[in-house]
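Encoded as structure tokens, the structure appears first; notes follow it.
The values are calculated or read from the model by the stated rules, or taken from the named source; none is laboratory data. This one's a predicted model, so the numbers in the text were calculated from it and none came from an experiment. For neighbour counting, all protein chains shown are included, and Cβ atoms are generated from backbone atoms with ideal geometry for every residue, glycine included. Please note that ligands, DNA and RNA were not included when accessible areas were found on the heavy atoms of the full protein model with its side chains. Shrake-Rupley method; radii C 1.70, N 1.55, O 1.52, S 1.80 Å.
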Amino acid sequence: MSHLYEEISAALQRGKQNDVKALVEQAIAEGLPAEEILNRGLLAGMDVISKQFQENEVYVPEVLVAARAMNAGTALLKPLLAEAGAKAVGKVLIGTVKGDLHDIGKNLVRLMLEGKGLEAIDLGVDVSAEQFLAAHKEHKADAVALSALLTTTMQEMKNIIGAFEEAGCRDEVIFLVGGAPISESFKQTVGADIYTPDAASAAEECKKAILARK
């Protein structure tokens, strides 16, 4: 049975979207549990890609192609996972802060979060503190990931964390900050919880922090 999981993982790593779909359909037809197909097939393959990305063995285009293949597979599993009552590891709100329209880094982090089995709710770009707060009230997120590429918009991260403090819900979420001008010392200045220099390790740290709280 397990050879199918390995084939799904391998096809995903090669970014073969149609193969991934066909193999997932085959696994479903053979009655394999949806959660195992997700964890041992799709997420296992995405894990390999994110490690290779961290080590500069693959680059953004390969990650995007693999993520597309993963999404094609998870689309087939979603109804089955819902039936089985499978829950995502956690929920993460993600967005580029107000005044900043860059989204490549944000999109990459979102894909890596999904690749770790987290539900990522993408608020897009130019997102204000009020929008983040409203989204948290609606979705009850475990973490909030803030992205900025411009030095002029970095301070907006402080405003967002401050808004959560004022609303009395700062302690409900783990704050991640990232983007080219962001650093470990900046993370401390704005009072965020996690900073990592790349998308793959951001997703890894976020998942660890969420699981540690559960």
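Below is a table of values for the structure above.
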read-out	value
Selected residue (criterion: most open to solvent (accessible area, probe 1.4 Å)) from residues of region 20-45 that are assigned to a helix (DSSP H, G or I) and free of Cβ contacts under 8 Å to residues at least 12 places away in the same chain	Ala29
Residue match in region 203-212 (condition: over 13 Å from the mean Cα position of the chain (by Cα), touching a residue at least 24 places away in the same chain (Cβ under 8 Å) and surrounded by 14 or more Cβ atoms within 10 Å (Cβ to Cβ))	yes
Near pairs, Cβ below 8 angstrom, 6+ apart or cross-chain, from region 92-105 (under 21 Å from Glu205 (Cβ atoms) and open to solvent by 80 Å² or more (accessible area, probe 1.4 Å)) to any residue that is part of a helix (DSSP H, G or I) and at pLDDT below 95	Ile104/Val60
Residues within region 137-179 that are surrounded by 20 or more Cβ atoms within 10 Å (Cβ to Cβ), on the phi < 0 side of the Ramachandran plot and touching a helix residue (DSSP H, G or I) at 6+ places or on another chain (Cβ under 8 Å), tallied	21
Wholly within region 109-214, strands (runs of 3 or more DSSP E) carrying at least 1 residues that are hydroxyl-bearing (Ser, Thr, Tyr)	143-147
Residues that are surrounded by 12 or more Cβ atoms within 10 Å (Cβ to Cβ) and either polar (S, T, N, Q) or in contact with a strand residue (DSSP E or B) (Cβ under 6 Å, 6 or more places away or on another chain) (or both), drawn from region 187-202	Lys187, Thr189, Ala192, Asp193, Ile194, Tyr195, Thr196, Ser201, Ala202
First in region 126-150 and farther than 17 Å from Glu172 by Cβ, second anywhere and assigned to a strand (DSSP E or B) and not aliphatic (A, V, I, L, M), Cβ under 6 Å, 6 or more apart	Val127/Gly95; Ser147/Thr96; Ser147/Gly178
